[in-house]
Each structure stands twice: as C-alpha cells, then as structure tokens.
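Novice: One structure, pasted below without further comment.
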Amino acid sequence: MALFESKAPERVQVAGLDLHCEICKRDMFWHRRAQLNTAVATFFSFDWANATADCYVCDGCGYVHWFLPKR
Ligand SMILES: [Zn+2]
C-alpha cells in the first residue's frame, strides 16, 4: 500500500509546527504515503478517487499519524 518509504526517521512539520507523537511525544517519524481506496474515501466523505494520505509513523512507539489531503 505504501508508495514511498523514507530511509530514515525524520522530523516533521504540520501547519508550520513541529509534529510530536500523540502517545510518547517523540519527534522522529517514518514517512509513508498511503493510497486511499474507494471504501476509505467514502468513509471520509471524499468525492474523488486516488487520493493519497501522508502517514507519519512514530519512531518511538509506532503510532501512525494520518494526514488527509485538504481541498
Ligand atoms: Zn510515539
């Protein structure tokens, strides 16, 4: 499902702010891009196909932070 995989954990900024893990508060993440299939897109009320989401997997605890594309 991943289209792109980072080779090393990296710091991430979202909306101009450093991202910290919701669970363990670390600031290093593995970047993944996930293709949203039709079922997922419908669940989130998207009306287009083939959208991708940015996923940042915490290097500390593995928690996945999902960011959906904004219109
Ligand atoms: Zn974490």
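Novice: Filter region 23-42 down to the residues that are within 16 Å of PRO9 (Cβ to Cβ) and either assigned to a helix (DSSP H, G or I) or of a type in the set (D, E, K, R) (or both) and list them by number. I'd like the intermediate steps shown before the answer.
Specialist: Just the residues of region 23-42 that are within 16 Å of PRO9 (Cβ to Cβ), to begin with: 23-33.
Listed by number, the residues that qualify are LYS25, ARG26, ASP27, ARG32, ARG33.
Novice: From the list GLU5, GLU22, exactly one residue is modelled with pLDDT of 90 or more and among the charged types (D, E, K, R). Which is it? Spell out the reasoning first.
Specialist: Working: GLU5 fails: modelled with pLDDT of 90 or more.
Only one candidate passes the filter, namely GLU22.
Novice: Give the residue that is nearest to LEU36 (Cα to Cα), with candidates limited to residues of region 57-71 that are more than 7 Å from the ligand (Cβ to nearest atom) and either hydrophobic (A, V, I, L, M, F, W, C) or surrounded by 13 or more Cβ atoms within 10 Å (Cβ to Cβ) (or both).
Specialist: Residue satisfying both the conditions and the ranking: LEU68.
Novice: Taking the residues in region 10-29 that are closer than 12 Å to TYR56 by Cβ and within 11 Å of the ligand (Cβ to nearest atom) as candidates, determine which candidate is surrounded by the most Cβ atoms within 10 Å (Cβ to Cβ). Spell out the reasoning first.
Specialist: If we filter region 10-29 for residues that are closer than 12 Å to TYR56 by Cβ, which is where we start, we get 10-14, 18-22, 26-29.
Then keep just the ones that are within 11 Å of the ligand (Cβ to nearest atom); that gives 19-22, 26-29.
Details: LEU19: 18, HIS20: 16, CYS21: 19, GLU22: 10, ARG26: 15, ASP27: 15, MET28: 17, PHE29: 23.
Once the filter is applied, the top-ranked residue is PHE29.
The values are calculated or read from the model by the stated rules, or taken from the named source; none is laboratory data. Just so you know, these numbers come straight off a predicted model, no measurement behind them. Note that we place each Cβ from the backbone using ideal geometry, even for glycine, and neighbour counts take in every protein chain shown.
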